[in-house]
Amino acid sequence: MASCIGGSAQGQTDHVNPWAPTELRKVLPIASLTEGVWLKGDLHNHSRHSKESSNNPEAKIISFAESVGMGYLCISDHDNHVNGDVAHNTWSDPEFKSNSVLLLYCAEWTTTRGHGTAISAVPYDHQKLYDVRDQRDIVVGAVKKELGIHLSANHPSGKDHFGYSYDMVDSIEVWNSAVWPKNANAIMIWDDMLSSGRKLTGRGGSDEHHGIPDTPDKATKNSYQATSNYVGTPTTWLFSKEKTSQAVVDALTNGRVSVSANPYAPRVEFYADLDQDGRMDMMMGDNAKSTGRPVKFRVQLTGNIAADTAYTIKVVKDGNPFMTLEAKGKTPTAEFTDTPIAIGRTYYRVEVTGPPTDYPQVPGSMKLSGNMIGLSNPIYFNFDPNF
């Protein structure tokens, strides 16, 4: 008996895990931190082409987006309301036009296993994605790849959760609607995916359905929502190489993204100085090979800053609370230093709280968002681009 136990134990010590972390040989080059433009927008909106929507034609949504300075917009009507024929409904609507806002080609993929948003810079055959909604993930993933679209998991927890594999999506809606507290489970899922090696962009989306009625007689039981949750609650910021639809989709996929409570709230920016020479080398969404030496990180808030007020910055490392910082001043900035491990993955992201920013057009949203100002996407180390 003793010899059997000893042999078994010896066999276990000889085991080599073929999936154990090893030195990462190569990562993709980091793009410029200066050659680009910050664009804000909303990636989850519903017009009259979604049947449960009210008083919300596309012209009203787009005009509102223009008025609050949006750079891009994703009108993502439910595809099951038109049997998958989004191309001849949302996209063909004469109101689907703007001189200042980039209108992406989007639809909410609405299935028995949850919801996702399909996003494209150009029209695509959404009917193909709708038709495979009940097929196995391997089939859905193949169609998604064939169409060349960005697929995002919507409100991944709770009602209408996302029940498909996260291996076939490019981003996840970590902040759905103005109601920030209800997103805790979505954040948990995001951290789970990141910790397991998936470089998955976190984004926001208002998921608004109802506009302000033009006349009192057109009001519905849901009209009150228009003053609490509408375009830009929350707002997703993208650092795009240029103001084109394709550059916007690329920025979303690459993760140079942060989310703010509304269009006027401060934008969260997160950078890293790899060699501590005082010059930032990478930003949120970027991935670098760790040298095993200390890295200096910088968190900066840009935009409407509350005077004489400190903002609280929570740093999350590998899914766990790491440290809490404070920032104040005209351009609140905070820095910290840490050493990402040389072998194995590490990621850092931040969440910022502070005084709410006024959103006069949607005044009820401030109470729902509370003191949540915004969050960043991660800065990554040793994430395998071929994972």
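Please determine whether any residue of the range 250-257 is open to solvent by 10 Å² or more (accessible area, probe 1.4 Å), of a type outside the set (S, T, Y) and part of a helix (DSSP H, G or I). Full working, then the answer.
Initially, the range 250-257 is screened for residues open to solvent by 10 Å² or more (accessible area, probe 1.4 Å), giving 250, 253-254, 256.
In the following step, the residues that additionally are of a type outside the set (S, T, Y) were identified as 250, 254, 256.
Subset that is part of a helix (DSSP H, G or I): 250, 254.
Yes: the range 250-257 contains one or more residues that are open to solvent by 10 Å² or more (accessible area, probe 1.4 Å), of a type outside the set (S, T, Y) and part of a helix (DSSP H, G or I).
Does any residue of the range 92-102 turn out to be in contact with a Ser or Thr (Cβ under 6 Å, 6 or more places away or on another chain) and either free of Cβ contacts under 8 Å to residues at least 24 places away in the same chain or part of a strand (DSSP E or B) (or both)?
Quick first cut of the range 92-102, residues in contact with a Ser or Thr (Cβ under 6 Å, 6 or more places away or on another chain) only: 102.
Imposing the further condition that a residue be either free of Cβ contacts under 8 Å to residues at least 24 places away in the same chain or part of a strand (DSSP E or B) (or both) reduces the set to 102.
Yes.
Answer with yes or no whether P123 is more than 30 Å from W38 (Cβ to Cβ), open to solvent by 10 Å² or more (accessible area, probe 1.4 Å) and in a loop (DSSP other than H, G, I, E, B). I'd like the intermediate steps shown before the answer.
Details: more than 30 Å from W38 (Cβ to Cβ): no; open to solvent by 10 Å² or more (accessible area, probe 1.4 Å): yes; in a loop (DSSP other than H, G, I, E, B): yes.
Answer is no for this residue.
Tally up the residues in the range 327-338 that are in contact with a strand residue (DSSP E or B) (Cβ under 6 Å, 6 or more places away or on another chain) and assigned to a strand (DSSP E or B), please. Can you show your working first?
Of the range 327-338, the ones in contact with a strand residue (DSSP E or B) (Cβ under 6 Å, 6 or more places away or on another chain) are 327, 332-337.
Keeping just the survivors that are assigned to a strand (DSSP E or B) gives 327, 333-337.
Count: 6.
For the condition free of Cβ contacts under 8 Å to residues at least 40 places away in the same chain and over 23 Å from the mean Cα position of the chain (by Cα), what is the one hit in G292, G329? Show your work before the answer.
Values: G292 fails: free of Cβ contacts under 8 Å to residues at least 40 places away in the same chain.
Going through G292, G329 in turn, the sole match is G329.
I'd like the full set of residues that are among the small types (G, A, S), more than 15 Å from the chain's Cα centre (by Cα) and within 27 Å of A247 (Cβ to Cβ), limited to the range 143-194.
The answer is G148, and nothing else.
Just one of S32, S53, S47 is open to solvent by 10 Å² or more (accessible area, probe 1.4 Å) and within 25 Å of D217 (Cβ to Cβ); which is it?
Details: S32 fails: within 25 Å of D217 (Cβ to Cβ); S47 fails: open to solvent by 10 Å² or more (accessible area, probe 1.4 Å).
Of the residues listed, the single one that is open to solvent by 10 Å² or more (accessible area, probe 1.4 Å) and within 25 Å of D217 (Cβ to Cβ) is S53.
Answer yes if at least one residue in the range 134-156 is touching a Cys at 6+ places or on another chain (Cβ under 8 Å) and among the β-branched types (V, I, T), and no otherwise.
Taking the range 134-156 as the starting set, the residues that turn out to be touching a Cys at 6+ places or on another chain (Cβ under 8 Å) are none.
No, the range 134-156 contains no residue that is touching a Cys at 6+ places or on another chain (Cβ under 8 Å) and among the β-branched types (V, I, T).
Cβ-Cβ below 7 Å, separation at least six or inter-chain, first residue in the range 124-140 and farther than 19 Å from H78 by Cα, second aromatic (F, W, Y) and open to solvent by less than 20 Å² (accessible area, probe 1.4 Å): which pairs?
D137/Y164
Within the range 262-290, work out how many residues are open to solvent by 10 Å² or more (accessible area, probe 1.4 Å), assigned to a loop (DSSP other than H, G, I, E, B) and within 30 Å of P363 (Cα to Cα).
Residues meeting the conditions: 1.
Looking only at the range 81-136, which residues are at positive phi and basic (K, R)?
Filtering the range 81-136 down to residues at positive phi leaves 83-84, 114.
Residues satisfying the conditions do not exist here.
How many residues are in a strand (DSSP E or B) and open to solvent by less than 10 Å² (accessible area, probe 1.4 Å) when one looks only at the range 349-373? Let's see the steps before the verdict.
The initial filter retains those residues of the range 349-373 that are in a strand (DSSP E or B), namely 349-353, 372-373.
Restricting the remaining residues to those that are open to solvent by less than 10 Å² (accessible area, probe 1.4 Å) gives 349-350, 352, 372-373.
So the answer is 5.
Of the numbered conditions (1) outside any loop (DSSP other than H, G, I, E, B); (2) more than 25 Å from G255 (Cβ to Cβ); (3) open to solvent by less than 10 Å² (accessible area, probe 1.4 Å); (4) not charged (D, E, K, R), G84 fails exactly one; give the number of that condition.
With (1) outside any loop (DSSP other than H, G, I, E, B); (2) more than 25 Å from G255 (Cβ to Cβ); (3) open to solvent by less than 10 Å² (accessible area, probe 1.4 Å); (4) not charged (D, E, K, R) applied to G84, the lone miss is (1).
Tally time: how many residues in the range 291-321 are modelled with pLDDT of 95 or more and open to solvent by 70 Å² or more (accessible area, probe 1.4 Å)?
4
Would you be able to tell me the number of residues in the range 107-135 that are farther than 12 Å from L147 by Cα and among the small types (G, A, S)?
Qualifying residue count for the region: 3.
The values are calculated or read from the model by the stated rules, or taken from the named source; none is laboratory data. Values in this document were obtained by computation on a predicted structure and should not be read as measured data. Virtual Cβ from ideal backbone geometry, glycine too; neighbours counted across all protein chains shown. Only protein heavy atoms, including side chains, enter the accessible area calculation; ligands, DNA and RNA are left aside. Shrake-Rupley method; radii C 1.70, N 1.55, O 1.52, S 1.80 Å.
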